[in-house]
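Trainee: Here it is, the structure in full.
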Amino acid sequence: MKTPAPIMVPLSKLKANPKNPRVLRDERFAALKKSIQDFPDMLNYRALVAVTQEDGTFVVLGGNMRLKALQDLKIKEAPVMLADHWSEEQRDQFIIKDNVGFGDWDWDALANTWDAGDLNA
């Protein structure tokens, strides 16, 4: 299957994923905001990944901290890749794999939301 092109979505239609197990705090969050300000075109090559909800909004699977940074920076829209065709299992798998390298783990979210076997894989 060919990868679809990103679409531009108003931030007002994007929701952070409540199952996101990662957070960026303080200087790391400030560094993310600075990187977006310094190189905004990066977002066109590292779009947010989201799924469409019944109400027409989108829940972000990948890029929750970028979404928060964009909101903080008062940016109005962001490029989004839709993953509506993924199964719930694929969506959960993406959330974990997309968050391996950055941020800090929210241990409470992991303990309460994720299966330990899935995390170890």
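Trainee: Looking at the range 83-95, which of its residues are surrounded by 15 or more Cβ atoms within 10 Å (Cβ to Cβ) and either of a type in the set (Lys, Arg) or not in a helix (DSSP H, G or I) (or both)?
Mentor: Those that are surrounded by 15 or more Cβ atoms within 10 Å (Cβ to Cβ) and either of a type in the set (Lys, Arg) or not in a helix (DSSP H, G or I) (or both): Ala83, Trp86, Arg91.
Trainee: Would the range 22-45 turn up any residue that is within 14 Å of the chain's Cα centre (by Cα) and within 19 Å of Glu89 (Cα to Cα)?
Mentor: yes
Trainee: Scanning for something surrounded by 12 or more Cβ atoms within 10 Å (Cβ to Cβ), within 16 Å of Arg22 (Cβ to Cβ) and either of a type in the set (D, E, K, R) or out of contact with any Ser or Thr (no Cβ under 6 Å at 6 or more places or on another chain) (or both), does the range 70-82 turn up at least one residue?
Mentor: Among the residues of the range 70-82, not one is surrounded by 12 or more Cβ atoms within 10 Å (Cβ to Cβ), within 16 Å of Arg22 (Cβ to Cβ) and either of a type in the set (D, E, K, R) or out of contact with any Ser or Thr (no Cβ under 6 Å at 6 or more places or on another chain) (or both), which makes the answer no.
Trainee: Counting only residues that are at pLDDT 95 or above, in contact with a strand residue (DSSP E or B) (Cβ under 7 Å, 6 or more places away or on another chain) and more than 24 Å from Trp114 (Cβ to Cβ), give me the strands (runs of 3 or more DSSP E) lying completely in the range 1-82 with at least 1 of them.
Mentor: Numbers: elements: 7-10, 48-52, 58-62, 77-82.
Where strands (runs of 3 or more DSSP E) fall fully within the range 1-82 and carry at least 1 residues being at pLDDT 95 or above, in contact with a strand residue (DSSP E or B) (Cβ under 7 Å, 6 or more places away or on another chain) and more than 24 Å from Trp114 (Cβ to Cβ), they are 7-10, 77-82.
Trainee: What number of residues in the range 83-99 are more than 17 Å from Trp114 (Cα to Cα) and among the charged types (D, E, K, R)? Walk me through how you get there before you give the answer.
Mentor: We begin by selecting, within the range 83-99, every residue more than 17 Å from Trp114 (Cα to Cα); these are 83-86.
Checking which are among the charged types (D, E, K, R) leaves us with 84.
Looking only at that region, the number is 1.
Trainee: Evaluate the following for Pro6: is it touching a Pro at 6+ places or on another chain (Cβ under 7 Å), of a type outside the set (A, V, I, L, M, F, W, C) and touching a residue at least 60 places away in the same chain (Cβ under 8 Å)? Give the derivation first.
Mentor: Details: touching a Pro at 6+ places or on another chain (Cβ under 7 Å): yes; of a type outside the set (A, V, I, L, M, F, W, C): yes; touching a residue at least 60 places away in the same chain (Cβ under 8 Å): yes.
So Pro6 fits the description; yes.
The values are calculated or read from the model by the stated rules, or taken from the named source; none is laboratory data. Keep in mind that this is a model prediction, so the values were computed, not measured. We place every Cβ from the backbone using ideal geometry, glycine too, and count neighbours over all the protein chains shown.
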